[in-house]
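Notes follow the structure.
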Amino acid sequence: MDILVAGGHGQIALRLLKLLADRGHTARGLVRNPSHAADLQAAGAVPVIGDLENDASLSAYVKGADAVVFAAGAGPGSGPARKRTVDLGGAVKLADAAADQGVRRYLMVSSIGAQDPASGGEAMRAYLEAKAEADAYVTARADLDWTIVRPGHLTDEPGTGLVTASRELGGRGPVPRDDVAAVLAACLTTPATIGVTFELFAGSTPIDEALRF
Ligand SMILES: NC(=O)c1ccc[n+]([C@@H]2O[C@H](COP(=O)([O-])OP(=O)(O)OC[C@H]3O[C@@H](n4cnc5c(N)ncnc54)[C@H](OP(=O)(O)O)[C@@H]3O)[C@@H](O)[C@H]2O)c1
């Protein structure tokens, strides 16, 4: 498969790109900073230079893909305006580009709490509102085969391959970035995840089993 990961230099994205490249896929990562290209190449991925906020359309980057993954984020140091332009706007642009190019498969890295943006308190509200709106935009599209993955608190602990994936929303807990990347890769070959929104935490169920929705 040819997979385009938006936010390609992100911590989850780099792990995912390496997993996909190691499995023989064409793993392409969209990055805005050309100096990040070498890190993608070291992971076996193909860097694609583009900017989610400043490029009017992402169609040229999506062209030729079999699936897209939104793994970008404005990050904790950013204000509400960039939650709108990256976490919401970037995800919307990626969905529009996928639909424009006839690429149906769309994986979204969302977040716990997006089902109730007020639940994270004032500090998290703008972020969770952006996530909620982005998820709603993607899930409303009949021209996309979407999966919304809502991880808990991300950690850099080594992955275990054991998770909890729950369609019941409102949970809390940590999850290693390694396991989020492994779940995203597994979603690409698991049609049962199409049309599903689920929360993801560290757990005790092997990933393939956990994704049998
Ligand atoms: N932290 C948590 O506990 C938590 C929990 C649940 C969900 N999440 C979500 O998971 C996502 C992925 O996590 P992560 O740790 O992998 O994030 P990360 O390392 O912060 O990666 C985000 C990536 O998005 C890129 N980006 C930002 N603006 C961009 C633009 N205009 N064009 C292209 N790329 C752009 C950044 O690139 P630059 O280096 O160029 O800025 C960065 O590489 C987060 O963004 C968040 O939405 C986080």
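Summary of computed values
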| read-out | value |
| --- | --- |
| Extreme residue, positive dipole direction of the chain, given options 176, 94, 206 (C-beta unit charges) | 94 |
| Estimated FRET transfer efficiency when R0 is 22 angstrom, pair residue 169-residue 92 (beta carbons, to 0.05) | 0.55 |
| Neighbour-count ranking [beta-carbon atoms within 10 angstrom, fewest first] of 125, 105, 150 | 125, 105, 150 |
| Cα-based reach from residue 18 at 23 Å (exclusive), listing lysines while leaving out same-chain residues under 8 positions away | 63 |
| Cross-link partners of residue 131 among lysines (Cα-Cα below 21 Å; sequence separation of 8 or more within a chain) | 83, 93 |
| The range 1-148: C-alpha gyration tensor shape, a/c 1.5 cut-off, then a/b vs b/c | prolate |
| Cα lying deepest toward the dipole's positive end in the range 2-153, options 5, 25, 107, charges on Cβ | 25 |
| For the chain, size of Cβ-based charge dipole, Lys and Arg +1, Asp and Glu -1, in debye | 120 |
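No value in this document is a laboratory result; all are computed from the given coordinates. Not measured: the values here are computed from a predicted model. Don't worry about glycine lacking a Cβ; one is built from the backbone with ideal geometry, like all the others, and counts go over all protein chains shown.
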